[in-house]
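A.B. asks: One structure is given below, represented as structure tokens, and several questions about it will come after.
The values are calculated or read from the model by the stated rules, or taken from the named source; none is laboratory data. Keep in mind that this is a model prediction, so the values were computed, not measured. Here the Cβ positions follow ideal geometry from the backbone for every residue, glycine too, while neighbour counts run over all protein chains shown. We work out accessible area using only protein heavy atoms, side chains counted, and drop any ligands, DNA or RNA first. Shrake-Rupley method; radii C 1.70, N 1.55, O 1.52, S 1.80 Å.
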Amino acid sequence: MKSGLLGRKLGHSYSPQIHEFLGSYSYDLFEREPDEVGTFVRSGDFTGINVTIPYKKDVIPFLDELSLLAQRMGAVNTIVRREDGTLFGHNTDYFGFHSMVQRSGISVAGKKVLVLGSGGASNTAVKVLEDIGAKVIIISRSGKDNYSNLHLHKDTSVIVNCTPVGMYPNTGVAPLDLKDFPVLEGVLDMVYNPSKTQLLLDAEDMGLPHENGLWMLVAQAKEAAEYFGRKPLDDSLIETVYQKMTAKMQNIVLIGMPGCGKSTIASLLAERLGRRVIDADQEIVKLAGKTIPEIFEDDGEEAFRDLETQVLTELGKQSQLIISTGGGCVTRDRNYRLLHQNSRIIWLQRDLEKLPTDGRPLSQSIRLDDMFRLREPLYAAFSDYQIGNNGSCEDTVDQILTILEGNQ
């Protein structure tokens, strides 16, 4: 079986990794320009392909038959070449989004739901939500219901983002302010990179149920794999692949007191996992063009913290990195969101008497126990997991990997 993904720009696609977990078949990326689509669909070397933007409608004239759902949706994202050579088109996005709504636990039946955006993703969401029984309002930039009259929809129960706002690399922005909706019950965002967009971070802060688009992506891929292989797959596979993808794509961030071993553990983790390691302090030195002691002496701690936040802004939104942070990154609240959006954060804990102070500006100007007393609650608030690092580094790495694998 030979399959893949057809689209125009596919550099950041997660689909190959997802299909690698779903089955033992080849899955390639087919980047084609608009004038190449027809020839590829009719004559391409594949048994089944997925189709992504901007070609989900464009491929339809080249197909021999559409499923009833694809006809209703007016879009195709899965094409199968049958044994007689004819091409069959289906839409698995419907199943994917429906599964995402169920996964979230957010009740939409009989509720007022704002769907942000009016493109293909919006079309999918609207049809699913209406089938479930939601009262859907589409918010677009220029339609009757738009971002200038959101005050008319303060009674909204659920918000679904079908726009690319907040998607990598343009993270840290949201399409609207959730606080403007006093009876809001939940938020869905089709964006999956980063795992927590600004919109979902806001929902989390408000204690609202929320879900990103990765579950939808995996669920629709699972149904597509059934068509490719012409056999059913158990729905439990969605959870398995979702957890594997989450573990694979998110960064691992190490925080902790200066000298607790973050750089060493980060390097060992990178070797074990085959990932790239980034030392935030080294990135600050590159940015400033001077050493950290020189930054403190010439410009002061506040200037150093500004540089640190600037570096974490860039690192935090990336994927699959091992990031070793400076000991004081937790002293700025803003840094939490920068790291939390796409990472699992581990607090490395080391006994104070084992911490070195040579060459560390703050460690020389303040007693370590006083520093720890101030930072301990901050480390606790930032971290997802806490790991002791008082034995061998290999044992610490083993502990980290055991915890991360157990939480897939």
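A.B. asks: Given a 1.4 angstrom probe, what's the average accessible area per residue across the stretch 39-177, in square angstrom?
C.D. replies: Normalised by residue count, the accessible surface of the stretch 39-177 is 45 Å².
A.B. asks: Output the antiparallel fraction of DSSP beta bridges having both residues in the chain, as a percent to the nearest 5.
C.D. replies: The answer is about 15 percent antiparallel.
A.B. asks: Here is a follow-up. So if R0 is 30 Å, what FRET efficiency would ASP205 and GLN399 give, r being the distance between their Cβ atoms, rounded to the nearest 0.05?
C.D. replies: Efficiency computed from Cβ-Cβ geometry: 0.50.
A.B. asks: Here's another thing I want to ask about it. Using a ≥ b ≥ c from the Cα gyration tensor of the stretch 174-329 (square roots of the eigenvalues), is it rounded, prolate or oblate, where a/c under 1.5 gives rounded and otherwise the larger of a/b and b/c decides, a/b for prolate?
C.D. replies: oblate
A.B. asks: If you roll a 1.4 angstrom probe over the protein chains with everything in place, what fraction of the accessible area of the chain belongs to carbon and sulfur, to the nearest %?
C.D. replies: So the carbon and sulfur contribution to the accessible surface is 49 percent.
A.B. asks: Related question: May I ask you to derive the FRET efficiency for ARG103 and GLU297 from their Cβ-Cβ distance with R0 = 41 Å, giving the value to the nearest 0.05?
C.D. replies: That pair, ARG103 with GLU297, gives E of 0.20.
A.B. asks: What's the center-to-center distance, using Cα atoms, between the stretch 41-65 and the stretch 259-276 in Å?
C.D. replies: Going from one Cα centre to the other spans 43 Å.
A.B. asks: Full extension from SER26 to ASP369: what is 0.36 nm times the residue separation minus their Cα-Cα distance, to one decimal in nm?
C.D. replies: 117.9 nm
A.B. asks: So, one more: If you stretched the chain out fully between TYR147 and ASP35, how much longer would it get, using 0.36 nm times the residue separation minus the C-alpha to C-alpha distance?
C.D. replies: Extra length from TYR147 to ASP35 when fully extended: 36.8 nm.
A.B. asks: Return the whole-Å distance between the Cα centroid of the stretch 300-356 and the Cα centroid of the stretch 88-142.
C.D. replies: First find each Cα centre; the distance between them is then 37 Å.
A.B. asks: Quick one: of LYS56/LYS127; LYS2/LYS222; LYS154/LYS196; LYS112/LYS154; LYS222/LYS317, which pairs are farther than 18 Å apart, Cα to Cα?
C.D. replies: Long pairs (Cα-Cα over 18 Å): LYS154/LYS196; LYS222/LYS317.
A.B. asks: Here is a further query. Under a Cβ-only charge scheme (Lys and Arg +1, Asp and Glu -1), can you give me the dipole magnitude of the chain about the Cα centre, in debye to the nearest 20?
C.D. replies: 940
A.B. asks: Rg to Rh for the chain: what is it, with Cα atoms only and Rh by Kirkwood?
C.D. replies: 1.03
A.B. asks: If R₀ is 45 angstrom, what is the calculated FRET efficiency for the pair GLN17 and GLN310, using the beta carbon separation as r and rounding to 0.05?
C.D. replies: 0.90
A.B. asks: Projected onto the charge dipole of the chain (+1 at Lys/Arg Cβ, -1 at Asp/Glu Cβ, origin at the Cα centre), which of ILE346, TYR379, TYR147 gives the Cα projection farthest towards the positive end?
C.D. replies: TYR147
A.B. asks: In the Gaussian network model of the chain, springs joining C-alpha atoms below 10 Å, which of LEU188, LEU66, LEU200 carries the largest mean-square fluctuation?
C.D. replies: Between LEU188, LEU66, LEU200, it is LEU66 that shows the largest mean-square fluctuation.
A.B. asks: On average, how much area does the Cα convex hull of the stretch 92-169 cover when viewed from any direction, in nm²?
C.D. replies: 5.6
A.B. asks: Next up: Probe 1.4 Å, all protein chains in place: accessible area of GLU20 in Å², nearest 10?
C.D. replies: It works out to around 130 Å².
A.B. asks: Then there is this: Modelled label-to-label distance, ASP235 and LYS154, 7 Å Cα→beta-carbon offset: nm?
C.D. replies: Result for the modelled spin labels: 3.9 nm.
A.B. asks: Heavy atoms only, probe 1.4 angstrom, no DNA, RNA or ligands counted: give me THR52, THR331, THR156 ranked by accessible area, highest first.
C.D. replies: THR331, THR52, THR156
A.B. asks: Most fluctuating residue of LEU338, LEU321, LEU87 in a GNM of the chain with Cα springs under 10 Å: which is it?
C.D. replies: Taking springs between Cα atoms under 10 Å, the residue moving most is LEU87.
A.B. asks: Let me have the relative contact order for the chain, percent, based on Cα pairs under 8 Å that are six or more residues apart.
C.D. replies: After rounding, I find 12 percent.
A.B. asks: Test of understanding: what is the full-extension gain from ALA381 to LYS354, defined as 0.36 nm times their sequence separation minus their Cα-Cα distance?
C.D. replies: So the extension gain works out to 7.4 nm.
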